[in-house]
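This report refers to the structure that appears directly beneath it.
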Amino acid sequence: MSTVRPPEKPVGVIGTGQLGSVLTERFRGAGYPVVAYDVDQEALARLHPDITRASNPAEVAANAPTVITCVTDPAAVRDCILGEGGVLGGASDQTLVIEMTTSSPETTRGVGAALARTGASIVDAPVSRGVPAAIEGTLSVWIGGEKEDVDRAMPYLAPLATDILHVGPLGAGHAVKAVNMMLMGVNLIATAEAVAVAAGYRVGLDAMLNVLNASSGGNFMTSNHFPRYVQSGSYRSAFSVGLMRKDLQVARDLAGEVGVPALYGTRALELYNLYLAQQDATADDDNMLIVPFLWKLLGADQLTEASS
């Protein structure tokens, strides 16, 4: 837990879904007054009674000089900041927006320009390591923005994360997050494929992961996700197929903007599209269900049977 003394004024949180609700609880536990808003009234109702509920994002900004936005996608970022009843309507020259959505640099710079006309500031600060790390306060955060604004954001990020890196100007945080998520998706798919090949030679999942994690082929998927969510049989990582597919699309779009073909990122995106084309698949399915789907696709019958 952070040793930084919380300010008397509230911190605002817009977006109280799986991640945002955890952030509100981390702030509350660190002694911060919190005012929150979500378009989903049921999500707001599930928050701790000490959390103040706002009727719209403008009300959050009017009552909290520092506002965290943690919504679903770039369109939701634009809506909650620039739309009717948005942050812009309640912002002042004291407002700092910490934009933690997995969004796009273009969106961040666009809302930043609009906020600047009121004197408000913004940094983009997307996170990695997921909901379990958020609960523990061990997120990784990558920040884009002016140093003065990044310094203002630091006390609010301290209760949430153990690794906080200022990676560049406004928008750089979202670019880094998109590229990281692209690599995660590629590594997840490549690990599932490698395990399937090894299984064809009667090398079990446990043995293959032991080899990979002691060798050059190891990655965060082999050391964390496969042991926690595949070996355990839970396939419950608290992150959805739909969000992963969205992140891969953002990364591919960014690659296109700078003229990089994104060969592997595109293939990963195509496989997620293929997953979601199944009759019973939904965007809310857990992201780790891509693994048994790929095993079935690859004809690794013994692995799909073991995972069911």
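The values are calculated or read from the model by the stated rules, or taken from the named source; none is laboratory data. As the structure is a prediction and not an experimental result, all values here were calculated from the model. We place every Cβ from the backbone using ideal geometry, glycine too, and count neighbours over all the protein chains shown. These area figures cover heavy atoms from the full protein model, side chains too; ligands, DNA and RNA do not enter into them. Shrake-Rupley method; radii C 1.70, N 1.55, O 1.52, S 1.80 Å.
Peptide packing for 99-105, 202-208, 192-198 was compared via the average number of neighbouring C-beta atoms within 10 Å per residue; ordered from the highest value, the list is 99-105, 192-198, 202-208.
A simple rule links phi to the HN-Hα coupling: the Karplus curve 6.51 cos²θ - 1.76 cosθ + 1.60 with θ = phi - 60°, which for region 33-48 gives x, 10, 10, 10, 8, 8, 5, 8, 5, 5, 5, 5, 5, 7, 6, 4 Hz, with x for Gly and Pro.
Rounded to the nearest 500, the 222 nm mean residue ellipticity of the chain from helices alone is -15000 deg cm²/dmol, with -39,500 (n - 2.57) taken per DSSP H run of at least 4 residues. Here the accessible area is traced with a 1.4 Å probe on the protein chains. For region 167-308, carbon and sulfur cover 56 percent of it. Amide H contacts of residue 36 (H built 1.01 Å from N, in plane; Pro and chain starts excluded): 13, 52, 53, 54 sit under 5 Å, all sequence-distant by 5 or more or on other chains. Listed peptides 60-68, 147-155 appear in the order 60-68, 147-155 once ranked by packing, highest mean of other Cβ atoms within 10 Å at the front. For residue 161, the residues whose amide H sits under 5 Å from its own are 139, ignoring neighbours fewer than 5 places away on the same chain, with H placed 1.01 Å from N. Projected over all directions and averaged, the alpha-carbon convex hull of the chain occupies 16.5 nm².
For residue 146, nonlocal amide neighbours, meaning residues 5 or more places apart or on other chains whose placed amide H falls under 5 Å from its own, are 170. Gain on full extension, evaluated as 0.36 nm per residue between residue 50 and residue 276 minus their Cα-Cα distance, stands at 77.5 nm.
In a DSSP loop and with at most 16 other Cβ atoms within 10 Å, the trypsin sites (Lys or Arg not before Pro) in region 1-82 are 46.
Listed by chain and number, the lysines whose alpha-carbon sits under 28 Å from that of residue 296, ignoring those within fewer than 8 places in the same chain, are 246. Backbone geometry of region 186-193 corresponds, through the Karplus equation with coefficients 6.51, -1.76 and 1.60 at θ = phi - 60°, to 3J(HN,Hα) couplings of 5, 5, 5, 5, 5, 5, 4, 5 Hz, x marking Gly and Pro.
Distance between the C-alpha centres of region 192-209 and region 80-122: 48 Å, rounded to the whole angstrom.
Per-residue 3J(HN,Hα) values for region 81-92, derived from phi via the Karplus relation 6.51 cos²θ - 1.76 cosθ + 1.60 with θ = phi - 60°, read 9, 9, x, 4, x, x, 3, 4, x, x, 7, 9 Hz in sequence order (x marks Gly and Pro). Highest mean packing comes first when the peptides 258-271, 160-173 are listed by Cβ atoms within 10 Å, giving 160-173, 258-271.
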